[in-house]
Amino acid sequence: KTGRVQGGGAFAFIELNDGSTPLNLQVMVTKEAAESSGVELKAIATTGCSLVAEGELKRTPKGVKQRVELKCAKVVYSGSCDGSVYPIAKKKTT
């Protein structure tokens, strides 16, 4: 759905959604995991891109918005979505 690169380009948080629920899964991808999979963090953090993520589902520390997040070990970048043709709003859909 959307993402943001953090830590001076060291990692990215991706809000991933497969469409089966309005809720997102937060995926944390390190620069090393992205590069070993042959993709750039900037490419996978764009709104509307299609990804396949593999890793370990972990509990997040108390006080964090998400209960769990996926610590990504491997990511496959399947492609982008042209926002001018298929606009995707950041808000929840009804």
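Of all stretches in the chain that contain no trypsin sites (Lys or Arg not before Pro) in a DSSP loop with at most 11 other Cβ atoms within 10 Å, the longest one is 1-61. 3J(HN,Hα) along segment 63-75, derived from phi through the Karplus expression 6.51 cos²θ - 1.76 cosθ + 1.60 where θ = phi - 60°, amounts to x, 9, 4, 8, 6, 9, 8, 8, 7, 6, 9, 8, 9 Hz, with x in place of Gly and Pro.
Rolling a 1.4 Å probe over the protein heavy atoms of the chain, with every protein chain left in place, gives an accessible area that is 54 percent carbon and sulfur.
Two numbers describe the Cα atoms of the chain: Rg and Dmax, which are 13.0, 40 Å.
The values are calculated or read from the model by the stated rules, or taken from the named source; none is laboratory data. Quick caveat, the model's predicted, so the values are computed rather than measured. Neighbour counts are summed over all protein chains in view; Cβ atoms, including those assigned to glycine, are modelled from backbone coordinates with ideal geometry. Ligands, DNA and RNA are excluded from the accessible area calculation, which covers all protein heavy atoms including side chains. Shrake-Rupley method; radii C 1.70, N 1.55, O 1.52, S 1.80 Å.
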